[in-house]
Amino acid sequence: AGVAAQDTDYGIWYEAKAEKNIWKGLRLDLEASIRTNEKAANIEKFYLEPGLRYKFNDYFNAGIYYRFIDQKEKDDKYHPRHRWFIQMKGTAPSMARFTLAVRYRIQQQFKTYIEDPEDEEPQWYQRIRFELDYDVRGVPLKPYINAEIHAQLFSPNEFFADKWRSMIGIEYTLSKKHTFGIEYIYNDSRVTKPPYENILGLTYSVKL
């Protein structure tokens, strides 16, 4: 039981998003998050992420983003990481109030905390997420389930996927602008410790 306890952790992720339409189909996104671990007692990281997204039609959009991360490293201090990524998302037409979407990201990340020579090399990852949500009739509620795969690019290790992430949650939209959400996230990682995480996510988003 003691070994199992060391292999599993839980935390709370707090996330806020804002979006604003700039021009036909072009949108500005801004996201900020605080993520805790070690039984939600430690702030593992926080980040700020601006980006631009273009909606080509009702079924496809793409964007480019930059994420500034301040992450606690092994010296128990916070050090910046820089990440940029390109994202594409395809959405199928709704069927019986269910909507299926697939999101693909390719990202590059740079560390500033250098322990080993390989830390100086940027890391490339691809991430594929499958999303299924349901539009509750007559109520501004949207329950959803997501599954995401993280896989390293260009210098792959022996794993097909470095991380698997499963999510189930629900969103409530107030006055078409403000959306509040709660979700459960399960992380199964081959490259970080502890390998298993149970996470409570609290989200808020606003349309400006």
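Of Glu49, Glu38, all but one fail to be without any contact (Cβ under 8 Å) to a residue 40 or more places away in the chain and either out of contact with any Gly (no Cβ under 8 Å at 6 or more places or on another chain) or among the β-branched types (Val, Ile, Thr) (or both); the exception is Glu49. Checked against (1) within 27 Å of His82 (Cα to Cα); (2) open to solvent by 70 Å² or more (accessible area, probe 1.4 Å); (3) not aromatic (Phe, Trp, Tyr), Gly138 passes all but a single condition, namely (1). Could you tell me whether segment 93-106 includes any residue that is open to solvent by 60 Å² or more (accessible area, probe 1.4 Å), assigned to a strand (DSSP E or B), closer than 20 Å to Lys45 by Cα and modelled with pLDDT of 95 or more? So far as segment 93-106 goes, no, none of its residues is open to solvent by 60 Å² or more (accessible area, probe 1.4 Å), assigned to a strand (DSSP E or B), closer than 20 Å to Lys45 by Cα and modelled with pLDDT of 95 or more. Among the residues of segment 159-208, write down those that are of a type in the set (Ser, Thr, Tyr), within 26 Å of Lys72 (Cβ to Cβ) and open to solvent by 90 Å² or more (accessible area, probe 1.4 Å). Across segment 159-208, the qualifying residue is only Tyr184. Considering Ile185, Ile145, Ile170, Ile149, the condition of being of a type in the set (Val, Ile, Thr) and either farther than 19 Å from Val102 by Cα or touching a Pro at 6+ places or on another chain (Cβ under 7 Å) (or both) is satisfied by Ile170 alone. Of everything in segment 31-77, what is of a type in the set (A, V, I, L, M), part of a strand (DSSP E or B) and open to solvent by 80 Å² or more (accessible area, probe 1.4 Å)? Give them in sequence order. Of everything in segment 31-77, those that are of a type in the set (A, V, I, L, M), part of a strand (DSSP E or B) and open to solvent by 80 Å² or more (accessible area, probe 1.4 Å) turn out to be Leu48, Ile64. If you filter segment 185-208 down to residues that are touching a Ser or Thr at 6+ places or on another chain (Cβ under 9 Å) and at pLDDT below 90, you find that the one that is farthest from Ile43 (Cα to Cα) is Pro195. Among the criteria (1) closer than 25 Å to Asn187 by Cβ; (2) touching a residue at least 40 places away in the same chain (Cβ under 8 Å), the one Tyr65 does not fulfil is (2).
The values are calculated or read from the model by the stated rules, or taken from the named source; none is laboratory data. Being a predicted model, the structure only gives us computed values, none of them experimental. In this analysis, Cβ positions are derived from the backbone assuming ideal geometry, glycine residues included, and neighbour counts consider all displayed protein chains. Areas reflect the complete protein model, heavy atoms only, side chains present, ligands, DNA and RNA absent. Shrake-Rupley method; radii C 1.70, N 1.55, O 1.52, S 1.80 Å.
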